[in-house]
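For reference, the structure discussed in these notes is given below.
The values are calculated or read from the model by the stated rules, or taken from the named source; none is laboratory data. Keep in mind it's a predicted model, so treat the numbers as computed, not measured. Reconstructed Cβ throughout: ideal geometry from the backbone, glycine too, with neighbour counts over all protein chains shown.
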Amino acid sequence: MKTRLVLALVLIACAFSYQSCKEECDGFKIEGTISNCNNCKISLEQLSPMKVTELKTTSVDSDGKFELCHNDSIKRLYRLKVDNKPPIHLCLSNEDNISIEIDCNDIENYKITGSKDCSELKALNMRMLESTRKIEELRNRVSRQDKITAENLEENNKIASELYASDKQFIIDFIKRNHTSPIIYLALHQYVSTTPIMQLPADYETYKYVLAEMKQHNPDLSETVFLESEVTRFELQEEQRNRDYVNLSKDSPAPSFTLNDIDGKKTTLSDFAGKKISVCFWASWDKKSVKAIQEYISNNKDRQIVLISLDVDKEQWKQAIKFYKLEEAVNLCDFKTWESINTKMYGVTSIPAIIEISEEQKIVEIHRF
C-alpha cells in the first residue's frame, strides 16, 4: 500500500513538473549543452538601444545541458551570456526553437541550429572577428619593424584598405540579404578592432536603406525608433552645418586656428608663417580620408603637412597616427569631430578635405574628394 502511494505521488509530481515546464516554455525555447564550464550562470538578455535587460537565468545540469524559455510574439534582438564570456547574439520570436552547443574554451565557434537569423548573426560575428585578427596582426607586424620602408608602408596600407572595403561590402550584402529582419540593425554597428565599419556621415545611404526596411518590417521595435531619431538628427545637423560653414575662395586669407598637437602643445596657423602648408582634414575611422592624405603626403614633399583630425577618442587617434605612419606631419585635434569650429571656418562638410596655404597664409587651392 505504501509503495503504491509513493508511486502515485511520484507520478503526480512528474505530471505537475511536465505541466509547469510546458507552461514555462510557452514561447521560444533555447536549449543546449555547454562544455568546459563548471557551475556556469547562463543569462538571456534583451537588447535595445543603449540598454540591456536581463530576462532569464539558469545553470547547466550535471550533463552540461541547459534550457531557457521566453514568450514574445515580436521578433527581437537578444544575447546569451555565459558567465563573463563574450556574448552570443540572437534574434528570436515565439516561432523559434533553437539548439546551441558551446565550448567555453572556444565560445566564438559555437554551433547553432533552428534559426536562420541566429545563424546569420554567427556568420557576421565570425567575419568581424577574423578581420579584427588580421588588423591586429598587421599592427603587430608594423610595431615589430625597427625600420619600415615606403614599399612596406604601401603594402600594409593596401592590405588594410582592401580589408576595410571588403568588410564594408560584406555588411552591405548582409543587410540586403536579410532586409526584413531586425539583424540588419546590428549589422550597422559592427567594429573591426576599434574602428566602426559603417559611419553615418560616410554611409548615409545605407543608414537610410536600413531605416526604411526597419520601418516597413519591424515598425514596433525600439531600434527602429532610435535609428529614425539618429538619422533625423544627423540630417538636421547637416542642414545647420551647411548654413554655418564658411565658403572659402582662392586668394582669401586662411582662417586662423589654435589646436593642441599630439604632445598637448598649442599650435596656431601663425606658427607656419613663411611656409607653404597644407591643412588636411581626416579621421582615423574614415579609410577614404586616410588613403587620400597618405597619397597626398607622398606626392607633396615640399609642403608642411598639418593634419586636423575629426576623431573623438585620443588613444585611437594616437594609435592611428603610428599605424599609418603619419608622425612626420603636424597632428592636431580638439576631439569635437564635426562640431569643431575649425571644420566650419574651413568649410569642411566632408572628409577628406585638403586646403593648400601659401607662405603669406592665403588660400592657394582647395581639394575636396
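Could you look through segment 243-264, keep only residues that are among the charged types (D, E, K, R) and without any contact (Cβ under 8 Å) to a residue 24 or more places away in the chain, and pick out the one that is farthest from Glu315 (Cα to Cα)? Within segment 243-264, the match that is farthest from Glu315 (Cα to Cα) is Arg243.
Yes/no matrix, rows are residues, columns are (1) in contact with a strand residue (DSSP E or B) (Cβ under 6 Å, 6 or more places away or on another chain); (2) in the same structural domain as Asp271 (by TED's automatic domain parsing); (3) acidic (Asp, Glu):
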position: Glu295; (1), (2), (3): no, yes, yes
position: Asn300; (1), (2), (3): no, yes, no
position: Ser309; (1), (2), (3): yes, yes, no
position: Ile321; (1), (2), (3): yes, yes, no
position: Lys325; (1), (2), (3): no, yes, no
position: Glu328; (1), (2), (3): no, yes, yes
position: Asn331; (1), (2), (3): yes, yes, no
position: Thr343; (1), (2), (3): no, yes, no
position: Thr349; (1), (2), (3): no, yes, no
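The one condition from (1) buried (at least 17 other Cβ atoms within 10 Å of the Cβ); (2) modelled with pLDDT of 95 or more; (3) farther than 23 Å from Val52 by Cβ that Ala283 does not meet is (2).
Could you look through segment 321-349, keep only residues that are polar (S, T, N, Q) and farther than 15 Å from Val246 by Cβ, and pick out the one that is modelled with the highest pLDDT?
Of the residues in segment 321-349, the ones polar (S, T, N, Q) are 331, 337, 340, 342-343, 349.
Then drop every residue that is not farther than 15 Å from Val246 by Cβ, which leaves 331, 337.
Numbers: Asn331: 97, Thr337: 88.
Ranking the qualifying residues of segment 321-349, first place goes to Asn331.
Total residues in segment 74-93 satisfying the condition of being crowded, with 18+ Cβ neighbours inside 10 Å, touching a residue at least 60 places away in the same chain (Cβ under 8 Å) and not hydrophobic (A, V, I, L, M, F, W, C): the figure is 3. Can you find a residue in segment 229-241 that is under 30 Å from Gly347 (Cα atoms) and touching a strand residue (DSSP E or B) at 6+ places or on another chain (Cβ under 9 Å)? Checked against the condition, which is being under 30 Å from Gly347 (Cα atoms) and touching a strand residue (DSSP E or B) at 6+ places or on another chain (Cβ under 9 Å), segment 229-241 yields no hits at all.
Looking for something among the small types (Gly, Ala, Ser), within 18 Å of the chain's Cα centre (by Cα) and assigned by TED's automatic domain parsing to the domain that holds Leu236 - is there at least one such residue anywhere in segment 204-219? Talk me through it step by step, then tell me what you get.
Here is the first cut: in segment 204-219, the ones among the small types (Gly, Ala, Ser) are 212.
Now drop any that are not within 18 Å of the chain's Cα centre (by Cα), which leaves none.
No; the residues of segment 204-219 include none that is among the small types (Gly, Ala, Ser), within 18 Å of the chain's Cα centre (by Cα) and assigned by TED's automatic domain parsing to the domain that holds Leu236.
Here's the yes/no breakdown for (1) more than 20 Å from the chain's Cα centre (by Cα); (2) closer than 21 Å to Glu45 by Cβ; (3) crowded, with 17+ Cβ neighbours inside 10 Å:
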site: Glu95; (1), (2), (3): yes, yes, no
site: Ile98; (1), (2), (3): yes, yes, yes
site: Lys122; (1), (2), (3): no, yes, yes
site: Arg127; (1), (2), (3): no, no, yes
site: Ser143; (1), (2), (3): yes, no, no
site: Ala160; (1), (2), (3): no, no, yes
site: Thr180; (1), (2), (3): yes, no, no
site: His189; (1), (2), (3): no, yes, no
site: Thr194; (1), (2), (3): no, no, no
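Sub-6 Å Cβ pairs linking a first residue in segment 15-35 that is at negative phi to a second residue that is at pLDDT 55 or above and part of a helix (DSSP H, G or I), at least 6 apart or interchain, number zero.
Mind listing just one residue for me: the one in segment 350-369 that is of a type outside the set (D, E, K, R) and buried (at least 18 other Cβ atoms within 10 Å of the Cβ) and, of those, farthest from Lys276 (Cα to Cα)? So that I can check it myself, show each step before the final result.
The first filter runs over segment 350-369 and keeps only residues of a type outside the set (D, E, K, R), leaving 350-355, 357-358, 361, 363-364, 366-367, 369.
Subset that is buried (at least 18 other Cβ atoms within 10 Å of the Cβ): 351-355, 357, 363.
Working: Ile351: 21, Pro352: 19, Ala353: 17, Ile354: 13, Ile355: 11, Ile357: 6, Ile363: 10 Å.
Among residues in segment 350-369 that are of a type outside the set (D, E, K, R) and buried (at least 18 other Cβ atoms within 10 Å of the Cβ), the one farthest from Lys276 (Cα to Cα) is Ile351.
Mind listing whichever residues of segment 325-349 are under 20 Å from the mean Cα position of the chain (by Cα) and either touching a residue at least 60 places away in the same chain (Cβ under 8 Å) or crowded, with 21+ Cβ neighbours inside 10 Å (or both)?
Looking only at segment 325-349, we keep the residues that are under 20 Å from the mean Cα position of the chain (by Cα), and these are 335-338.
Of everything in segment 325-349, just one residue is under 20 Å from the mean Cα position of the chain (by Cα) and either touching a residue at least 60 places away in the same chain (Cβ under 8 Å) or crowded, with 21+ Cβ neighbours inside 10 Å (or both), namely Trp338.
Yes or no, residue by residue, for (1) among the acidic types (Asp, Glu); (2) within 19 Å of Val142 (Cα to Cα):
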| position | (1), (2) |
| --- | --- |
| Lys288 | no, no |
| Ile297 | no, no |
| Val312 | no, no |
| Lys325 | no, yes |
| Glu328 | yes, yes |
| Asp334 | yes, no |
| Met345 | no, no |
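For every residue, the table says whether it meets (1) among the polar types (S, T, N, Q); (2) touching a strand residue (DSSP E or B) at 6+ places or on another chain (Cβ under 6 Å); (3) assigned by TED's automatic domain parsing to the domain that holds His179; (4) under 30 Å from Gln216 (Cα atoms).
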residue: Glu31; (1), (2), (3), (4): no, yes, no, no
residue: Val52; (1), (2), (3), (4): no, yes, no, yes
residue: Leu55; (1), (2), (3), (4): no, yes, no, yes
residue: Val60; (1), (2), (3), (4): no, yes, no, no
residue: Val82; (1), (2), (3), (4): no, yes, no, no
residue: His89; (1), (2), (3), (4): no, yes, no, yes
residue: Asp96; (1), (2), (3), (4): no, yes, no, yes
residue: Ser99; (1), (2), (3), (4): yes, yes, no, yes
residue: Asp106; (1), (2), (3), (4): no, no, no, no
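Going by the structure shown, is Glu223 out of contact with any Lys or Arg (no Cβ under 8 Å at 6 or more places or on another chain) and not assigned by TED's automatic domain parsing to the domain that holds Asp72? Judged against the criteria, Glu223 is a match.
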